[in-house]
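Contents: one structure, followed by commentary.
The values are calculated or read from the model by the stated rules, or taken from the named source; none is laboratory data. All values reported here derive from a predicted model rather than from experimental measurement. For neighbour counting, all protein chains shown are included, and Cβ atoms are generated from backbone atoms with ideal geometry for every residue, glycine included. The area values use the complete protein model at the heavy-atom level, side chains included, leaving out ligands, DNA and RNA. Shrake-Rupley method; radii C 1.70, N 1.55, O 1.52, S 1.80 Å.
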Amino acid sequence: FTNENWTRSDKYHNSFLIAKDPVLDEVVKNCKEQGIPNIALSAAQAKFLHLILKTIGAKNYLEVGTLGGYSAIWAARALPQDGKVITLEINPHHAKVAEENLKLAGLQDKVKVILGPAADSLSKLHPEELFDLAFIDADKVNNLLYFTEAKRLVRPGGIIIVDNVVWDGTVGDPEYSDDNVEGIRKLLHALKDDKEVEATTIATAGEKGFDGFIYALRK
Ligand code: SAM
(Lines give C-alpha, C1' and ligand atoms only; values in the text may rest on other atoms or scores of the structure.)
Protein backbone atom coordinates (compact mmCIF):
# COMPACT_ATOMS: atom_id res chain seq x y z
CA PHE A 1 0.00 0.00 0.00
CA THR A 2 2.26 2.78 -1.24
CA ASN A 3 1.34 6.16 -2.52
CA GLU A 4 3.53 8.22 -4.88
CA ASN A 5 2.68 11.48 -3.14
CA TRP A 6 3.77 10.16 0.27
CA THR A 7 6.97 8.71 -1.18
CA ARG A 8 7.81 11.98 -2.92
CA SER A 9 7.18 13.87 0.28
CA ASP A 10 9.51 11.62 2.30
CA LYS A 11 12.18 11.99 -0.40
CA TYR A 12 11.85 15.78 -0.35
CA HIS A 13 12.17 16.07 3.43
CA ASN A 14 14.96 13.50 3.61
CA SER A 15 16.96 15.51 1.08
CA PHE A 16 17.27 18.26 3.72
CA LEU A 17 17.35 16.27 6.93
CA ILE A 18 19.01 12.94 6.31
CA ALA A 19 22.64 13.02 5.25
CA LYS A 20 23.98 10.77 2.50
CA ASP A 21 25.38 7.67 4.12
CA PRO A 22 27.51 5.30 2.02
CA VAL A 23 27.54 2.66 4.77
CA LEU A 24 23.75 2.54 4.99
CA ASP A 25 23.56 2.54 1.16
CA GLU A 26 25.79 -0.52 1.23
CA VAL A 27 23.60 -2.14 3.91
CA VAL A 28 20.45 -1.54 1.86
CA LYS A 29 22.16 -2.89 -1.26
CA ASN A 30 23.30 -6.01 0.58
CA CYS A 31 19.75 -6.61 1.85
CA LYS A 32 18.37 -6.29 -1.66
CA GLU A 33 20.98 -8.60 -3.19
CA GLN A 34 20.32 -11.23 -0.53
CA GLY A 35 16.55 -11.19 -1.00
CA ILE A 36 15.69 -9.51 2.30
CA PRO A 37 12.11 -8.17 2.02
CA ASN A 38 11.70 -4.41 1.79
CA ILE A 39 9.96 -4.07 5.16
CA ALA A 40 12.56 -2.24 7.24
CA LEU A 41 11.82 1.15 8.73
CA SER A 42 12.07 4.05 6.33
CA ALA A 43 15.08 6.33 6.76
CA ALA A 44 12.91 9.02 8.35
CA GLN A 45 11.37 6.56 10.80
CA ALA A 46 14.74 5.04 11.68
CA LYS A 47 16.17 8.49 12.30
CA PHE A 48 13.21 9.26 14.56
CA LEU A 49 14.02 6.15 16.60
CA HIS A 50 17.66 7.27 16.68
CA LEU A 51 16.63 10.72 17.91
CA ILE A 52 14.38 9.34 20.66
CA LEU A 53 17.25 7.16 21.90
CA LYS A 54 19.56 10.18 21.96
CA THR A 55 16.91 12.34 23.63
CA ILE A 56 16.48 9.95 26.54
CA GLY A 57 20.23 9.26 26.78
CA ALA A 58 19.61 5.58 26.14
CA LYS A 59 22.34 3.05 26.83
CA ASN A 60 20.47 -0.22 26.38
CA TYR A 61 18.14 -0.91 23.46
CA LEU A 62 16.03 -4.02 22.86
CA GLU A 63 14.57 -4.90 19.48
CA VAL A 64 12.14 -7.64 18.50
CA GLY A 65 12.51 -8.25 14.74
CA THR A 66 16.00 -7.66 13.29
CA LEU A 67 15.49 -8.31 9.57
CA GLY A 68 18.72 -7.11 7.89
CA GLY A 69 19.76 -4.95 10.84
CA TYR A 70 18.74 -1.59 9.37
CA SER A 71 16.90 -0.26 12.44
CA ALA A 72 19.47 -1.87 14.76
CA ILE A 73 22.24 0.10 13.02
CA TRP A 74 20.40 3.40 13.38
CA ALA A 75 19.69 2.57 17.02
CA ALA A 76 23.24 1.45 17.84
CA ARG A 77 24.62 4.66 16.41
CA ALA A 78 22.55 6.64 18.91
CA LEU A 79 24.04 4.88 21.94
CA PRO A 80 27.23 5.80 23.78
CA GLN A 81 30.45 3.79 23.32
CA ASP A 82 29.47 1.35 26.08
CA GLY A 83 25.85 1.11 24.90
CA LYS A 84 24.31 -2.24 23.99
CA VAL A 85 21.74 -3.45 21.48
CA ILE A 86 20.01 -6.80 21.74
CA THR A 87 17.95 -7.70 18.70
CA LEU A 88 15.87 -10.86 18.25
CA GLU A 89 15.29 -12.66 14.96
CA ILE A 90 13.69 -15.99 14.08
CA ASN A 91 14.91 -16.29 10.49
CA PRO A 92 18.51 -17.59 10.17
CA HIS A 93 19.02 -15.93 6.77
CA HIS A 94 17.87 -12.56 8.09
CA ALA A 95 20.12 -12.95 11.13
CA LYS A 96 23.11 -13.83 8.93
CA VAL A 97 22.59 -10.82 6.67
CA ALA A 98 22.13 -8.61 9.74
CA GLU A 99 25.46 -9.81 11.14
CA GLU A 100 27.13 -8.97 7.82
CA ASN A 101 25.56 -5.54 7.79
CA LEU A 102 26.55 -4.84 11.39
CA LYS A 103 30.14 -5.65 10.44
CA LEU A 104 29.87 -3.33 7.44
CA ALA A 105 28.78 -0.60 9.87
CA GLY A 106 31.51 -1.50 12.39
CA LEU A 107 28.91 -2.21 15.05
CA GLN A 108 29.37 -5.92 15.61
CA ASP A 109 30.66 -5.39 19.17
CA LYS A 110 27.76 -3.19 20.19
CA VAL A 111 24.93 -5.32 18.81
CA LYS A 112 24.00 -8.87 19.72
CA VAL A 113 21.65 -10.70 17.36
CA ILE A 114 19.86 -13.56 19.11
CA LEU A 115 18.51 -16.20 16.73
CA GLY A 116 15.25 -17.97 17.61
CA PRO A 117 11.58 -17.28 18.27
CA ALA A 118 11.42 -13.96 20.12
CA ALA A 119 9.04 -15.41 22.74
CA ASP A 120 11.75 -17.88 23.82
CA SER A 121 14.60 -15.39 23.60
CA LEU A 122 12.70 -12.79 25.62
CA SER A 123 11.85 -15.25 28.39
CA LYS A 124 15.58 -15.97 28.76
CA LEU A 125 16.55 -12.33 29.12
CA HIS A 126 17.34 -11.26 32.67
CA PRO A 127 19.66 -8.30 32.15
CA GLU A 128 21.54 -6.63 34.99
CA GLU A 129 20.54 -3.25 33.61
CA LEU A 130 17.01 -2.82 32.27
CA PHE A 131 16.50 -1.47 28.76
CA ASP A 132 15.80 2.20 28.10
CA LEU A 133 13.72 1.47 25.04
CA ALA A 134 12.17 -1.62 23.47
CA PHE A 135 11.12 -1.62 19.82
CA ILE A 136 8.63 -4.33 18.83
CA ASP A 137 8.64 -4.98 15.09
CA ALA A 138 8.14 -8.70 14.40
CA ASP A 139 5.11 -10.98 13.93
CA LYS A 140 2.01 -9.07 14.99
CA VAL A 141 0.20 -12.13 16.33
CA ASN A 142 2.47 -12.13 19.39
CA ASN A 143 2.38 -8.37 19.99
CA LEU A 144 0.74 -8.65 23.40
CA LEU A 145 3.22 -11.27 24.58
CA TYR A 146 6.16 -9.12 23.37
CA PHE A 147 4.67 -6.05 25.00
CA THR A 148 4.22 -7.87 28.32
CA GLU A 149 7.85 -9.02 28.21
CA ALA A 150 8.97 -5.51 27.22
CA LYS A 151 7.26 -4.11 30.34
CA ARG A 152 9.31 -6.52 32.45
CA LEU A 153 12.52 -5.57 30.65
CA VAL A 154 12.20 -1.78 30.28
CA ARG A 155 13.04 0.55 33.17
CA PRO A 156 10.44 2.84 34.73
CA GLY A 157 10.46 5.97 32.59
CA GLY A 158 11.60 3.95 29.59
CA ILE A 159 9.77 3.61 26.28
CA ILE A 160 8.11 0.78 24.39
CA ILE A 161 7.36 1.31 20.71
CA VAL A 162 5.24 -1.11 18.69
CA ASP A 163 5.40 -0.71 14.93
CA ASN A 164 2.75 -1.32 12.25
CA VAL A 165 -0.32 -0.90 14.42
CA VAL A 166 -2.40 1.03 11.88
CA TRP A 167 -1.78 -1.26 8.92
CA ASP A 168 -3.32 0.82 6.17
CA GLY A 169 -6.27 1.60 8.43
CA THR A 170 -7.38 -2.03 8.55
CA VAL A 171 -6.99 -2.26 12.35
CA GLY A 172 -9.72 0.36 12.78
CA ASP A 173 -11.96 -1.18 10.13
CA PRO A 174 -14.66 -3.28 11.86
CA GLU A 175 -15.31 -5.13 8.57
CA TYR A 176 -11.72 -6.35 8.36
CA SER A 177 -9.98 -9.23 10.10
CA ASP A 178 -6.83 -11.31 9.74
CA ASP A 179 -4.37 -12.81 12.22
CA ASN A 180 -2.03 -9.80 12.20
CA VAL A 181 -4.83 -7.33 12.69
CA GLU A 182 -6.30 -9.43 15.51
CA GLY A 183 -2.87 -9.49 17.18
CA ILE A 184 -2.75 -5.70 17.11
CA ARG A 185 -6.34 -5.41 18.41
CA LYS A 186 -5.56 -7.79 21.27
CA LEU A 187 -2.73 -5.48 22.35
CA LEU A 188 -4.98 -2.42 22.14
CA HIS A 189 -7.65 -4.11 24.27
CA ALA A 190 -5.02 -4.97 26.89
CA LEU A 191 -3.63 -1.43 26.87
CA LYS A 192 -7.04 0.01 27.66
CA ASP A 193 -6.79 -1.18 31.28
CA ASP A 194 -3.01 -1.33 31.59
CA LYS A 195 -1.96 0.79 34.55
CA GLU A 196 1.76 0.17 33.96
CA VAL A 197 2.04 2.27 30.80
CA GLU A 198 0.64 5.40 29.21
CA ALA A 199 0.36 5.09 25.45
CA THR A 200 -0.76 6.69 22.23
CA THR A 201 -0.83 5.71 18.56
CA ILE A 202 0.77 7.96 15.96
CA ALA A 203 -0.35 7.25 12.41
CA THR A 204 2.15 7.92 9.62
CA ALA A 205 2.06 8.18 5.84
CA GLY A 206 5.30 7.94 3.89
CA GLU A 207 7.35 5.81 1.55
CA LYS A 208 6.33 2.72 3.56
CA GLY A 209 2.63 3.47 3.17
CA PHE A 210 -0.09 4.38 5.66
CA ASP A 211 0.74 2.87 9.03
CA GLY A 212 1.65 3.93 12.55
CA PHE A 213 3.19 3.03 15.86
CA ILE A 214 2.24 2.84 19.52
CA TYR A 215 4.46 4.93 21.78
CA ALA A 216 4.19 3.79 25.38
CA LEU A 217 5.82 5.23 28.47
CA ARG A 218 6.68 2.60 31.10
CA LYS A 219 5.50 4.00 34.41
N1 SAM B 1 13.18 -3.79 12.62
C2 SAM B 1 13.59 -4.15 11.26
C3 SAM B 1 14.07 -2.90 10.55
O4 SAM B 1 13.35 -1.89 10.58
O5 SAM B 1 15.16 -2.94 9.97
C6 SAM B 1 12.45 -4.76 10.48
C7 SAM B 1 11.87 -6.01 11.11
S8 SAM B 1 10.79 -6.90 10.01
C9 SAM B 1 9.43 -5.84 9.85
C10 SAM B 1 10.20 -8.20 11.01
C11 SAM B 1 11.22 -9.28 11.36
O12 SAM B 1 10.70 -10.06 12.42
C13 SAM B 1 11.52 -10.24 10.21
O14 SAM B 1 12.91 -10.33 9.98
C15 SAM B 1 10.99 -11.59 10.71
O16 SAM B 1 11.74 -12.71 10.29
C17 SAM B 1 11.08 -11.39 12.21
N18 SAM B 1 10.18 -12.29 12.97
C19 SAM B 1 8.95 -12.74 12.61
N20 SAM B 1 8.45 -13.55 13.54
C21 SAM B 1 9.37 -13.61 14.53
C22 SAM B 1 9.44 -14.30 15.78
N23 SAM B 1 8.45 -15.09 16.18
N24 SAM B 1 10.54 -14.14 16.54
C25 SAM B 1 11.55 -13.33 16.14
N26 SAM B 1 11.54 -12.67 14.96
C27 SAM B 1 10.48 -12.80 14.17
Kindly indicate whether any position in the stretch 147-166 is more than 15 Å from the ligand (Cβ to nearest atom), more than 16 Å from the chain's Cα centre (by Cα) and more than 29 Å from Glu198 (Cα to Cα).
-> no
Considering residues that are over 22 Å from Gly158 (Cα atoms) and free of Cβ contacts under 8 Å to residues at least 24 places away in the same chain, the number found within the stretch 107-129 is 3
Members of the stretch 100-134 that are away from the ligand (no atom under 16 Å from the Cβ) and either open to solvent by less than 20 Å² (accessible area, probe 1.4 Å) or aliphatic (A, V, I, L, M) (or both) = Leu130, Asp132
Under 14 Å from the mean Cα position of the chain (by Cα) and surrounded by fewer than 21 Cβ atoms within 10 Å (Cβ to Cβ): does that describe Asp139?
-> yes
Mind checking which residues of the stretch 44-84 are within 14 Å of the chain's Cα centre (by Cα), among the charged types (D, E, K, R) and under 21 Å from Leu153 (Cβ atoms)?
-> Glu63
Go through (1) more than 16 Å from the ligand (Cβ to nearest atom); (2) open to solvent by 70 Å² or more (accessible area, probe 1.4 Å) one by one and return the number of the condition Glu182 breaks.
-> (1)
Does Lys195 satisfy the condition of being in contact (Cβ under 8 Å) with a residue 24 or more places away in the chain, closer than 17 Å to Leu217 by Cβ and surrounded by fewer than 22 Cβ atoms within 10 Å (Cβ to Cβ)?
-> yes
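Do we find a residue being more than 20 Å from Asp120 (Cβ to Cβ) and either surrounded by fewer than 22 Cβ atoms within 10 Å (Cβ to Cβ) or modelled with pLDDT of 95 or more (or both) anywhere in the stretch 145-156? Talk me through it step by step, then tell me what you get.
Here is the first cut: in the stretch 145-156, the residues more than 20 Å from Asp120 (Cβ to Cβ) are 155-156.
Restricting the remaining residues to those that are either surrounded by fewer than 22 Cβ atoms within 10 Å (Cβ to Cβ) or modelled with pLDDT of 95 or more (or both) gives 155-156.
There is at least one residue in the stretch 145-156 that is more than 20 Å from Asp120 (Cβ to Cβ) and either surrounded by fewer than 22 Cβ atoms within 10 Å (Cβ to Cβ) or modelled with pLDDT of 95 or more (or both).
Which of the helices (runs of 4 or more DSSP H) contained wholly in the stretch 1-99 include at least 2 residues that are open to solvent by 10 Å² or more (accessible area, probe 1.4 Å), near the ligand (Cβ under 10 Å from one of its atoms) and without any contact (Cβ under 8 Å) to a residue 60 or more places away in the chain? Before you say what the answer is, go through the steps one by one.
Values: elements: 4-17, 22-33, 43-55, 70-76.
Because the criterion is at least 2 residues that are open to solvent by 10 Å² or more (accessible area, probe 1.4 Å), near the ligand (Cβ under 10 Å from one of its atoms) and without any contact (Cβ under 8 Å) to a residue 60 or more places away in the chain, the helices (runs of 4 or more DSSP H) in the stretch 1-99 that meet it are 70-76.
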